[in-house]
Amino acid sequence: SDDKHVLSIHSHVTHGYVGNKAATFPLQLHGFDVDAINTVSLSNHSGYPVIKGHRMDLEEFTTIMEGLRANDFLSDYAYVLTGYINNRDIVRQVAETVTEIREKRQKQGKKDVVFFCDPVMGDDGRLYCKEEVVEAYRELLSHADVATPNYFEASVLSTVDVKDLESAIEAANWFHTKGTPTVVIKSFKMEDDPAHLRFLLSCHDKATGSTKRYTGVVPYHEGRYTGTGDVFAASLVAFAHSDPIDVAVGKAMGVLQDLIKATIECGGSGKATLSSRELRVTSYPDRLQHPSSVALVTPLP
Ligand code: ATP
(Lines give C-alpha, C1' and ligand atoms only; values in the text may rest on other atoms or scores of the structure.)
Protein backbone atom coordinates (compact mmCIF):
# COMPACT_ATOMS: atom_id res chain seq x y z
CA SER A 1 0.00 0.00 0.00
CA ASP A 2 0.89 3.60 -0.50
CA ASP A 3 1.87 4.41 3.06
CA LYS A 4 4.42 1.59 3.30
CA HIS A 5 7.17 3.68 1.83
CA VAL A 6 10.35 4.52 3.70
CA LEU A 7 13.30 6.77 3.01
CA SER A 8 16.19 4.89 4.59
CA ILE A 9 19.36 6.90 5.23
CA HIS A 10 22.06 4.42 6.18
CA SER A 11 25.48 3.04 5.27
CA HIS A 12 26.08 0.58 2.46
CA VAL A 13 28.63 -2.21 2.70
CA THR A 14 29.57 -4.61 -0.08
CA HIS A 15 30.35 -7.48 2.27
CA GLY A 16 28.16 -8.28 5.23
CA TYR A 17 24.99 -6.99 6.86
CA VAL A 18 24.97 -3.58 8.46
CA GLY A 19 23.23 -0.34 7.55
CA ASN A 20 20.97 -0.49 4.52
CA LYS A 21 22.17 -4.05 3.82
CA ALA A 22 20.64 -5.01 7.18
CA ALA A 23 17.59 -2.73 7.09
CA THR A 24 16.30 -3.01 3.52
CA PHE A 25 15.62 -6.74 3.25
CA PRO A 26 13.48 -7.02 6.42
CA LEU A 27 11.46 -3.96 5.40
CA GLN A 28 10.94 -5.31 1.89
CA LEU A 29 9.76 -8.64 3.28
CA HIS A 30 7.15 -6.69 5.21
CA GLY A 31 5.99 -5.18 1.94
CA PHE A 32 7.69 -1.80 2.21
CA ASP A 33 9.17 0.17 -0.62
CA VAL A 34 12.61 1.19 0.58
CA ASP A 35 14.23 4.23 -1.02
CA ALA A 36 17.80 3.96 0.20
CA ILE A 37 20.32 6.75 0.50
CA ASN A 38 23.77 5.31 1.12
CA THR A 39 25.69 7.70 3.36
CA VAL A 40 28.84 5.68 2.76
CA SER A 41 29.68 2.97 0.28
CA LEU A 42 32.33 0.78 1.85
CA SER A 43 33.85 -2.66 1.35
CA ASN A 44 32.77 -3.83 4.84
CA HIS A 45 32.04 -2.57 8.34
CA SER A 46 34.71 -0.85 10.39
CA GLY A 47 35.50 -3.84 12.62
CA TYR A 48 37.60 -5.47 9.90
CA PRO A 49 41.32 -4.67 9.59
CA VAL A 50 40.89 -3.04 6.18
CA ILE A 51 38.07 -0.77 5.10
CA LYS A 52 37.91 0.88 1.67
CA GLY A 53 35.36 3.03 -0.07
CA HIS A 54 33.59 6.31 -0.30
CA ARG A 55 31.86 8.64 2.16
CA MET A 56 29.11 10.99 1.08
CA ASP A 57 29.49 14.69 1.78
CA LEU A 58 26.72 17.24 2.24
CA GLU A 59 26.79 18.24 -1.42
CA GLU A 60 26.20 14.68 -2.56
CA PHE A 61 23.36 14.29 -0.08
CA THR A 62 21.65 17.48 -1.20
CA THR A 63 22.13 16.48 -4.85
CA ILE A 64 20.27 13.21 -4.29
CA MET A 65 17.56 15.14 -2.42
CA GLU A 66 17.33 17.57 -5.34
CA GLY A 67 16.58 14.66 -7.66
CA LEU A 68 13.96 13.24 -5.31
CA ARG A 69 12.38 16.69 -4.95
CA ALA A 70 12.40 17.45 -8.69
CA ASN A 71 10.61 14.18 -9.44
CA ASP A 72 8.13 14.85 -6.66
CA PHE A 73 8.99 11.76 -4.63
CA LEU A 74 9.36 13.44 -1.25
CA SER A 75 5.71 13.37 -0.24
CA ASP A 76 5.69 9.58 -0.82
CA TYR A 77 7.66 8.91 2.33
CA ALA A 78 5.42 7.84 5.20
CA TYR A 79 8.57 6.96 7.13
CA VAL A 80 12.10 8.27 7.39
CA LEU A 81 14.63 5.93 8.98
CA THR A 82 18.16 7.08 9.71
CA GLY A 83 21.16 5.01 10.78
CA TYR A 84 24.89 5.44 10.26
CA ILE A 85 25.65 8.91 8.90
CA ASN A 86 28.80 10.03 10.76
CA ASN A 87 28.83 13.45 9.13
CA ARG A 88 27.77 16.51 11.10
CA ASP A 89 26.48 18.43 8.10
CA ILE A 90 24.32 15.56 6.84
CA VAL A 91 22.92 14.86 10.33
CA ARG A 92 21.91 18.54 10.46
CA GLN A 93 20.47 18.43 6.94
CA VAL A 94 18.21 15.47 7.82
CA ALA A 95 16.16 17.85 9.99
CA GLU A 96 15.45 19.94 6.87
CA THR A 97 14.61 16.82 4.90
CA VAL A 98 12.11 15.58 7.48
CA THR A 99 10.55 19.04 7.79
CA GLU A 100 10.19 19.29 4.02
CA ILE A 101 8.55 15.85 3.81
CA ARG A 102 6.19 16.79 6.68
CA GLU A 103 5.13 20.00 4.93
CA LYS A 104 4.68 18.36 1.53
CA ARG A 105 2.57 15.54 2.99
CA GLN A 106 0.48 17.98 5.03
CA LYS A 107 -0.27 20.04 1.90
CA GLN A 108 -1.43 16.90 0.13
CA GLY A 109 -3.59 15.81 3.06
CA LYS A 110 -1.48 12.73 3.71
CA LYS A 111 -0.76 11.13 7.07
CA ASP A 112 2.15 12.74 8.90
CA VAL A 113 5.60 11.26 8.23
CA VAL A 114 7.06 9.23 11.11
CA PHE A 115 10.78 9.73 11.69
CA PHE A 116 12.71 6.86 13.31
CA CYS A 117 16.16 8.09 14.32
CA ASP A 118 18.81 5.58 15.28
CA PRO A 119 21.64 7.85 16.47
CA VAL A 120 24.46 5.54 15.38
CA MET A 121 27.62 6.83 17.02
CA GLY A 122 29.35 3.98 18.79
CA ASP A 123 29.15 0.89 20.90
CA ASP A 124 30.51 -0.64 24.09
CA GLY A 125 32.27 2.43 25.36
CA ARG A 126 33.79 3.34 22.00
CA LEU A 127 32.64 6.41 20.10
CA TYR A 128 33.35 6.12 16.38
CA CYS A 129 32.21 9.61 15.48
CA LYS A 130 33.39 13.10 16.29
CA GLU A 131 31.91 15.11 19.16
CA GLU A 132 30.38 17.49 16.57
CA VAL A 133 28.25 14.56 15.34
CA VAL A 134 26.99 13.95 18.90
CA GLU A 135 26.04 17.61 19.14
CA ALA A 136 24.25 17.44 15.77
CA TYR A 137 22.22 14.42 16.95
CA ARG A 138 21.20 16.29 20.11
CA GLU A 139 19.53 18.83 17.82
CA LEU A 140 18.16 16.32 15.28
CA LEU A 141 16.39 14.39 18.04
CA SER A 142 13.92 17.22 18.53
CA HIS A 143 12.58 16.27 15.06
CA ALA A 144 12.43 12.52 15.74
CA ASP A 145 9.25 10.64 16.56
CA VAL A 146 11.09 7.53 17.69
CA ALA A 147 14.72 7.19 18.81
CA THR A 148 16.44 3.83 19.14
CA PRO A 149 19.84 4.40 20.79
CA ASN A 150 21.90 1.56 22.22
CA TYR A 151 22.82 2.03 25.89
CA PHE A 152 26.12 3.70 24.98
CA GLU A 153 24.57 6.19 22.56
CA ALA A 154 21.86 6.98 25.12
CA SER A 155 24.61 7.62 27.68
CA VAL A 156 26.72 9.83 25.40
CA LEU A 157 23.75 11.92 24.27
CA SER A 158 22.12 12.36 27.67
CA THR A 159 25.33 12.29 29.75
CA VAL A 160 23.52 9.83 32.05
CA ASP A 161 25.54 6.63 32.46
CA VAL A 162 23.01 3.91 31.52
CA LYS A 163 23.73 0.90 33.72
CA ASP A 164 20.38 -0.15 35.16
CA LEU A 165 16.68 0.51 34.74
CA GLU A 166 16.73 3.65 36.84
CA SER A 167 19.52 5.30 34.83
CA ALA A 168 17.90 4.15 31.56
CA ILE A 169 14.71 5.94 32.60
CA GLU A 170 16.69 9.05 33.40
CA ALA A 171 18.43 8.92 30.00
CA ALA A 172 15.11 8.40 28.20
CA ASN A 173 13.72 11.44 30.02
CA TRP A 174 16.53 13.50 28.50
CA PHE A 175 15.30 12.46 25.02
CA HIS A 176 11.76 13.48 25.96
CA THR A 177 13.02 16.86 27.14
CA LYS A 178 14.79 17.25 23.80
CA GLY A 179 11.47 16.55 22.06
CA THR A 180 11.55 12.85 21.10
CA PRO A 181 8.26 11.33 22.26
CA THR A 182 9.20 7.64 21.93
CA VAL A 183 12.53 6.18 22.98
CA VAL A 184 13.75 2.60 22.94
CA ILE A 185 17.02 1.94 24.76
CA LYS A 186 17.55 -1.34 22.98
CA SER A 187 19.66 -3.20 25.51
CA PHE A 188 21.72 -2.79 28.64
CA LYS A 189 23.54 -5.27 30.84
CA MET A 190 22.62 -5.52 34.47
CA GLU A 191 25.04 -6.60 37.17
CA ASP A 192 22.46 -8.70 39.00
CA ASP A 193 21.37 -10.63 35.89
CA PRO A 194 24.24 -11.36 33.47
CA ALA A 195 22.18 -13.95 31.55
CA HIS A 196 19.86 -11.30 30.13
CA LEU A 197 19.86 -7.93 28.47
CA ARG A 198 17.20 -5.50 29.60
CA PHE A 199 15.51 -2.90 27.42
CA LEU A 200 13.39 0.18 28.07
CA LEU A 201 10.57 1.66 26.03
CA SER A 202 9.56 5.14 27.16
CA CYS A 203 6.61 6.99 25.61
CA HIS A 204 6.00 10.60 26.44
CA ASP A 205 2.69 12.24 25.62
CA LYS A 206 3.38 15.89 24.82
CA ALA A 207 -0.29 16.86 25.22
CA THR A 208 -0.78 15.48 28.74
CA GLY A 209 2.86 15.59 29.86
CA SER A 210 2.62 11.99 31.08
CA THR A 211 5.15 9.25 30.37
CA LYS A 212 4.33 5.56 29.98
CA ARG A 213 7.25 3.20 30.39
CA TYR A 214 7.74 -0.47 29.60
CA THR A 215 10.59 -2.87 30.13
CA GLY A 216 11.59 -6.47 29.43
CA VAL A 217 14.54 -8.77 28.90
CA VAL A 218 16.03 -10.98 26.21
CA PRO A 219 18.54 -13.79 26.73
CA TYR A 220 22.11 -12.55 26.35
CA HIS A 221 24.25 -14.33 23.76
CA GLU A 222 27.97 -14.18 24.44
CA GLY A 223 29.70 -12.15 21.78
CA ARG A 224 29.42 -8.99 19.74
CA TYR A 225 27.26 -8.78 16.67
CA THR A 226 27.17 -5.89 14.26
CA GLY A 227 24.07 -4.74 12.44
CA THR A 228 21.78 -5.81 15.29
CA GLY A 229 20.63 -2.26 15.91
CA ASP A 230 20.01 -1.74 12.20
CA VAL A 231 17.80 -4.82 11.85
CA PHE A 232 16.07 -3.86 15.11
CA ALA A 233 15.15 -0.33 13.97
CA ALA A 234 14.00 -1.54 10.54
CA SER A 235 11.88 -4.28 12.13
CA LEU A 236 10.45 -1.75 14.55
CA VAL A 237 9.31 0.47 11.66
CA ALA A 238 7.72 -2.56 10.00
CA PHE A 239 5.90 -3.90 13.06
CA ALA A 240 4.88 -0.48 14.38
CA HIS A 241 3.11 0.15 11.09
CA SER A 242 0.34 -2.19 12.23
CA ASP A 243 0.98 -2.90 15.93
CA PRO A 244 1.05 -0.67 19.01
CA ILE A 245 4.62 0.35 19.82
CA ASP A 246 5.03 -1.97 22.85
CA VAL A 247 3.94 -4.99 20.78
CA ALA A 248 6.22 -3.88 17.95
CA VAL A 249 9.20 -3.67 20.33
CA GLY A 250 8.51 -7.21 21.61
CA LYS A 251 8.37 -8.58 18.07
CA ALA A 252 11.50 -6.73 16.94
CA MET A 253 13.32 -8.16 19.99
CA GLY A 254 12.10 -11.62 18.92
CA VAL A 255 13.47 -11.10 15.40
CA LEU A 256 16.91 -10.30 16.81
CA GLN A 257 16.86 -13.38 19.02
CA ASP A 258 16.13 -15.58 16.01
CA LEU A 259 18.73 -13.83 13.91
CA ILE A 260 21.52 -14.09 16.48
CA LYS A 261 20.64 -17.75 17.12
CA ALA A 262 20.71 -18.46 13.37
CA THR A 263 24.08 -16.73 13.12
CA ILE A 264 25.47 -18.81 16.00
CA GLU A 265 24.10 -22.02 14.42
CA CYS A 266 25.86 -21.14 11.18
CA GLY A 267 29.17 -20.89 13.04
CA GLY A 268 29.07 -17.29 14.16
CA SER A 269 29.46 -17.83 17.90
CA GLY A 270 30.86 -15.13 20.17
CA LYS A 271 34.50 -15.95 19.53
CA ALA A 272 34.27 -16.79 15.82
CA THR A 273 35.69 -14.63 13.02
CA LEU A 274 34.09 -11.28 12.24
CA SER A 275 32.86 -12.56 8.90
CA SER A 276 31.07 -15.56 10.43
CA ARG A 277 29.44 -13.19 12.92
CA GLU A 278 27.79 -11.19 10.14
CA LEU A 279 24.08 -11.56 10.87
CA ARG A 280 22.41 -14.20 8.67
CA VAL A 281 19.83 -11.71 7.49
CA THR A 282 18.74 -13.72 4.44
CA SER A 283 18.79 -17.24 5.94
CA TYR A 284 15.31 -17.41 7.50
CA PRO A 285 13.16 -14.77 5.82
CA ASP A 286 10.07 -16.17 7.52
CA ARG A 287 11.48 -15.40 10.96
CA LEU A 288 11.95 -11.74 10.04
CA GLN A 289 8.20 -11.43 9.67
CA HIS A 290 7.11 -14.01 12.20
CA PRO A 291 9.68 -14.34 14.99
CA SER A 292 9.53 -17.66 16.86
CA SER A 293 9.29 -15.75 20.15
CA VAL A 294 8.09 -12.31 21.17
CA ALA A 295 9.68 -10.56 24.15
CA LEU A 296 7.35 -9.63 26.99
CA VAL A 297 7.10 -5.86 27.19
CA THR A 298 5.79 -5.06 30.64
CA PRO A 299 4.40 -1.68 31.70
CA LEU A 300 6.20 -0.07 34.61
CA PRO A 301 4.04 1.27 37.42
P1 ATP B 1 23.06 0.81 17.09
O2 ATP B 1 24.56 1.03 17.08
O3 ATP B 1 22.43 0.68 15.76
O4 ATP B 1 22.34 1.81 17.92
P5 ATP B 1 23.44 -1.81 18.52
O6 ATP B 1 23.54 -2.97 17.60
O7 ATP B 1 24.66 -1.38 19.23
O8 ATP B 1 22.72 -0.61 17.79
P9 ATP B 1 22.16 -3.27 20.66
O10 ATP B 1 21.32 -2.78 21.77
O11 ATP B 1 23.50 -3.83 20.99
O12 ATP B 1 22.29 -2.14 19.60
O13 ATP B 1 21.39 -4.41 19.85
C14 ATP B 1 20.10 -4.26 19.33
C15 ATP B 1 19.25 -5.46 19.71
O16 ATP B 1 19.89 -6.68 19.29
C17 ATP B 1 19.04 -5.60 21.20
O18 ATP B 1 17.84 -4.98 21.56
C19 ATP B 1 18.96 -7.11 21.39
O20 ATP B 1 17.62 -7.53 21.17
C21 ATP B 1 19.80 -7.67 20.28
N22 ATP B 1 21.16 -8.03 20.69
C23 ATP B 1 22.32 -7.44 20.31
N24 ATP B 1 23.39 -8.07 20.83
C25 ATP B 1 22.91 -9.10 21.54
C26 ATP B 1 23.51 -10.16 22.32
N27 ATP B 1 24.84 -10.28 22.45
N28 ATP B 1 22.68 -11.05 22.92
C29 ATP B 1 21.35 -10.96 22.78
N30 ATP B 1 20.73 -10.00 22.08
C31 ATP B 1 21.48 -9.09 21.47
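The values are calculated or read from the model by the stated rules, or taken from the named source; none is laboratory data. Since this is a predicted model, take the numbers as computed values, not measurements. Virtual Cβ from ideal backbone geometry, glycine too; neighbours counted across all protein chains shown. Note: areas computed on protein heavy atoms with side chains; ligands, DNA, RNA excluded. Shrake-Rupley method; radii C 1.70, N 1.55, O 1.52, S 1.80 Å.
Table for the structure above
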quantity	calculated
Subset of segment 180-198 [near the ligand (Cβ under 9 Å from one of its atoms) and touching a helix residue (DSSP H, G or I) at 6+ places or on another chain (Cβ under 7 Å)]	Val184, Ile185, Lys186, Ser187, Phe188
Count of segment 139-161 residues which are within 14 Å of the ligand (Cβ to nearest atom) and of a type in the set (Val, Ile, Thr)	3
Unmet criterion (only one of (1) open to solvent by 60 Å² or more (accessible area, probe 1.4 Å); (2) hydrophobic (A, V, I, L, M, F, W, C); (3) not in a helix (DSSP H, G or I)) for Ile9	(1)
Residues located in segment 128-160, provided they are open to solvent by less than 10 Å² (accessible area, probe 1.4 Å), in contact with an Asp or Glu (Cβ under 8 Å, 6 or more places away or on another chain) and part of a loop (DSSP other than H, G, I, E, B)	Thr148, Pro149
The lone exception for Ala136 - which of (1) within 26 Å of Ala22 (Cα to Cα); (2) among the aliphatic types (A, V, I, L, M); (3) within 15 Å of the ligand (Cβ to nearest atom) it fails	(3)
Positions within segment 12-60 being in a helix (DSSP H, G or I) and either more than 19 Å from Asn86 (Cβ to Cβ) or open to solvent by less than 30 Å² (accessible area, probe 1.4 Å) (or both), in sequence order	Asn20, Ala22, Ala23, Thr24, Phe25, Pro26, Leu27, Gln28, Leu29
Residue that is farthest from the ligand (Cβ to nearest atom), among those in segment 162-179 that are farther than 23 Å from Gly227 by Cα and outside any helix (DSSP H, G or I)	Gly179
Condition check for Asp3: part of a loop (DSSP other than H, G, I, E, B) and either within 16 Å of the ligand (Cβ to nearest atom) or within 22 Å of Lys111 (Cβ to Cβ) (or both)	yes
In segment 214-234, residue farthest from the ligand (Cβ to nearest atom) [restricted to those that are open to solvent by 60 Å² or more (accessible area, probe 1.4 Å) and in contact with a strand residue (DSSP E or B) (Cβ under 7 Å, 6 or more places away or on another chain)]	Pro219
Residue check, Asp123 more than 21 Å from His176 (Cα to Cα) and either of a type outside the set (S, T, N, Q) or modelled with pLDDT of 95 or more (or both)	yes
Odd one out for His196, checked against (1) without any contact (Cβ under 8 Å) to a residue 24 or more places away in the chain; (2) open to solvent by 50 Å² or more (accessible area, probe 1.4 Å)	(1)
Selection status of Ala207, open to solvent by 40 Å² or more (accessible area, probe 1.4 Å) and among the hydrophobic types (A, V, I, L, M, F, W, C)	yes
